Every structure is written in C-alpha cells, then in structure tokens.
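What follows is a set of notes on a single structure, which appears directly below.
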Amino acid sequence: MSFPSDSPQIRIPATYMRGGTSKGVFFNIKDLPVEAQQPGEYRDKLLLRVIGSPDPYAKHTDGMGGATSSTSKTVLLDKSTQPDHDVDYLFGQVAIDKPFVDWSGNCGNLTGAVGAFAISQGLVDAERIPENGICTVRIWQKNIEKTIIAQVPMKDGQVQECGDFELDGVTFPAAEVVIEFLDPADGEGAMFPTGNLIDQLEVPGVGTFDVTLINAGIPTAFVRASDIGYGGSELQDDINNDEAALQRFETIRAYAAVKMGLISDVSEAAARQHTPKIAFVAPPEAYVASSGKQIDADDIDLRVRALSMGKLHHAMMGTASVAIATAAAVPGTLVNEAAGGGVRREVVFGHPSGTLKVGAEAIEKDGQWSASKAIMSRSARVLMEGWVRVPPAQL
C-alpha cells in the first residue's frame, strides 16, 4: 500500500504497560488495521514504526520504544482459540537498529501484564472474574505454544495494580502477580537438546569451555563466568560499554545456537537475535547492585548475568529466569553447580539489579529430564492508555 507523505496518521487503540522489569505496547489484535491482524511484512512494519525502529541514533525519540531490549517490546492479544484457555498471547521483540521483529520466543516479564490486559479487554469470560480475590487467567503463549497461568489479584471488580510487592529492577512496589509456566521445556525436543547436562563448546577466536544448553522458558546457554574472564558481579556498564566483549558474547551465542540445533550455521544468528540467550553463572558472593543495594553472599544461592538482544540485561529476563530455575533443579548442570549442587526446587539468584527467587519441578525418567512447571512472581501496571499514531506513508 502507498500513501502520500502528508496523509493523516493511523490511530490505533493501545495500552502502554509495565510487566516485571520490562515495558511494552499492548494491542488487542482486533484493534489493529486489517492488514496487520495477520502475520507478515505489514504487521512488522507497523510495530517497528510504533516503537520507532530502526533508529541509527539508538534513542527511539520518534516512537514508543525505550532504546533497550527491555523496553522495545510489543504484545498482541486475542480471545483464545485453544480449549480451556482464555487468551492467545503473541510477543514481538523489536530490534532497535535494524528493521526486524523477532517472533522466536516469549517475554516472561511482560507475561506478568498479559492477564491484567486480557481482563480489561474483555478477553476473559466475566463468570471467571471474581469481584475480589484472585482471577486465574489461562494464557496460550503462541510464540512457543505453551500454557502459562497468571494469578491476577482483583479488588472491587477491577485488576489490583497497587500493592507492597517489591521486585528488584523496578523502582516502585506494586501488587504481586504469580506466574506459572507449565511444561516450560521445548515441546518439540529434549529439554537438554544435546542430551548432555554439560557440553564442550568450541568457539573459534574465543576458546573452548563448558556450557549447559537448555530449552526451558527460552533456549539458553549457560557458561561459567570464570571461564570467560568475568567475576560474576558485573553490572551493565562493565560489559555494554565494551564493544569487543559484546562481539565475543554474540559469537558464543551463535555457536551455542548451532549446537542447540536452532540454526544450521552461525551466519543465521543475526536473524535470530531473541533466541537463544547467553548467560554466565558464578557462586554466591557479596556485591553492590546497580541501585546501590548491598547484596550479601548469604542472600543468594548463585549469581547470574544474561544478555538480551546483544546487551547485558539490567536485571533478568523472565524467560531466562525460567531457564535458571529449571537448570538449577537438575543436579549436574552449571547452574546447579554454581548454586552448590544437590536437589533444589527453588533458588534465589543475584542479578545486576538485585535478587529474585524462582522455583521449578524437574524429574528424570529413562535418562531424560523434563519439567512440569516453573514459578515466579512479577508485578504489572498500566502506564498509559489511549491510541498510538503511525504515519501511514512510512509503512
């Protein structure tokens, strides 16, 4: 479609929400232009322009994005087509400097806001919503084809957003939303795609080191911090201001993706930026979080740092938290090793912004590991609601 450059902007109902340590633009898919209600180039162009990408200045001045992987996100919701589910949830991770929307994985943090948005949009049947108490929202995550359960607090018939639950990486307290990721491992393959809890990963120009490769929550490659020259307490500026370090991490990620069977050649990694994630782990040790908060060794079971869309995350991605919880529950992984070994149904890990408690149930049968669920708490609230506007000539 072509429009004159002076055509009036398209006006689309939208809600700007924080979920966990991320925020994004939420849409009821029925409110999108007809051409964008189906996957394809038009939808991607529309979401890119909403966020303000690609932006060579990396500021998102002319869009709703925040110029970080945590704030360059879009969510599309619809009444679920799956039996015994309330809402279909589709997540688009929008690249900052490229004309690219990655649909290959979920956003665990924004999952915390999906239930609330679904309720407000009438996507959850009224008889399932209590006047007070907890509304159980059954979410079908379309990117990964998994079920997620959100326990959304209700007060006087409305979603309760205010509360005293504190989440490191989020400045202000809010109401707690408990999230259960059911059967979080990749349904199309083994939870450990190579069949091993620890593999040797050979990365030309970087080195050869141990790695735990897991498909749970989101495909993730874990390495020891010490094996790649880090202590484990790094904050964003320690890595994100080092272009050589970022390139090394991207190279490691590319070779891990090949070993996991996600791509056939490292050259394909650039077109799959959202997955897999690369993370490094270390045993517990005291450090000072980015907020200035003192984290003592006794406060945590291990330390974890992870990269998202090529940058060290300011806290921890929700989906990577699922991977951490699941890997920690399996004796013999690098994550379990960093946490001290043994059987662990939950761990508290330290991340750049503070700490987070996560849990998972993992079982071994006939030499194969699986996970029934992973659990974590998040919070969410509406930041702004109304309409976003998009210049049609730029689509």
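The values are calculated or read from the model by the stated rules, or taken from the named source; none is laboratory data. All of these numbers come straight from a predicted model, not from anything done at the bench. Cβ coordinates were reconstructed from backbone atoms using ideal geometry, including for glycine residues, and neighbour counts include every protein chain displayed. For accessibility, only protein heavy atoms count, side chains too; no ligands or nucleic acids. Shrake-Rupley method; radii C 1.70, N 1.55, O 1.52, S 1.80 Å.
Here are a few things to note about the model shown:
- Scan of the stretch 305-314 for residues that are crowded, with 24+ Cβ neighbours inside 10 Å and farther than 15 Å from Tyr230 by Cβ, ordered by number: Ser308
- One residue from Ser80, Ser2, Ser72, Ser104 being polar (S, T, N, Q) and surrounded by fewer than 15 Cβ atoms within 10 Å (Cβ to Cβ): Ser2
- Boolean, Pro99 is assigned to a loop (DSSP other than H, G, I, E, B), at pLDDT 95 or above and closer than 18 Å to Val390 by Cα: yes
- Residue in the stretch 118-133 that is least open to solvent (accessible area, probe 1.4 Å), counting only those that are under 14 Å from Asp156 (Cβ atoms) and β-branched (Val, Ile, Thr): Ile119
- Any pair with Cβ under 7 angstrom, 6 or more apart, that starts in the stretch 28-41 at a residue that is at positive phi and ends at one that is of a type in the set (A, V, I, L, M, F, W, C): none
- From Gly292, Gly340, residue being assigned to a loop (DSSP other than H, G, I, E, B), in contact (Cβ under 8 Å) with a residue 40 or more places away in the chain, out of contact with any helix residue (DSSP H, G or I) (no Cβ under 8 Å at 6 or more places or on another chain) and surrounded by fewer than 19 Cβ atoms within 10 Å (Cβ to Cβ): Gly340
- Filtered by the rule that a residue be out of contact with any Cys (no Cβ under 8 Å at 6 or more places or on another chain) and of a type outside the set (Val, Ile, Thr), the stretch 135-152 gives Cys135, Arg138, Trp140, Gln141, Lys142, Asn143, Glu145, Lys146, Ala150.
- Looking only at residues of the stretch 228-260 that are out of contact with any helix residue (DSSP H, G or I) (no Cβ under 8 Å at 6 or more places or on another chain), more than 25 Å from Pro284 (Cα to Cα) and small (Gly, Ala, Ser), we find that the one that is surrounded by the fewest Cβ atoms within 10 Å (Cβ to Cβ) is Ala244.
- Within the stretch 26-41, the residues that satisfy the criterion of being under 24 Å from the mean Cα position of the chain (by Cα) and either open to solvent by 50 Å² or more (accessible area, probe 1.4 Å) or of a type outside the set (Gly, Ala, Ser) (or both) are Phe26, Phe27, Asn28, Ile29, Leu32, Gln37, Gln38, Pro39, Glu41.
- Verdict on Lys277 being open to solvent by 10 Å² or more (accessible area, probe 1.4 Å) and under 17 Å from Ile218 (Cα atoms): no
- Test: Gly66 is surrounded by fewer than 20 Cβ atoms within 10 Å (Cβ to Cβ), small (Gly, Ala, Ser) and modelled with pLDDT of 95 or more: yes
Results for (1) among the polar types (S, T, N, Q); (2) modelled with pLDDT under 95; (3) surrounded by fewer than 20 Cβ atoms within 10 Å (Cβ to Cβ); (4) out of contact with any helix residue (DSSP H, G or I) (no Cβ under 9 Å at 6 or more places or on another chain), shown as yes or no for each residue.
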{"position": "Asn196", "(1), (2), (3), (4)": "yes, no, yes, yes"}
{"position": "Asp210", "(1), (2), (3), (4)": "no, no, yes, no"}
{"position": "Ser226", "(1), (2), (3), (4)": "yes, no, yes, yes"}
{"position": "Ala269", "(1), (2), (3), (4)": "no, yes, no, no"}
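- Only listed residue being more than 20 Å from the chain's Cα centre (by Cα), modelled with pLDDT of 95 or more and of a type outside the set (Phe, Trp, Tyr), chosen from Val335, Val343, Val330: Val330
- Check on Lys23, within 21 Å of Ala270 (Cα to Cα), among the basic types (Lys, Arg) and crowded, with 23+ Cβ neighbours inside 10 Å: no
- Selection status of Tyr89, aromatic (Phe, Trp, Tyr), in contact with a helix residue (DSSP H, G or I) (Cβ under 8 Å, 6 or more places away or on another chain) and open to solvent by less than 10 Å² (accessible area, probe 1.4 Å): yes
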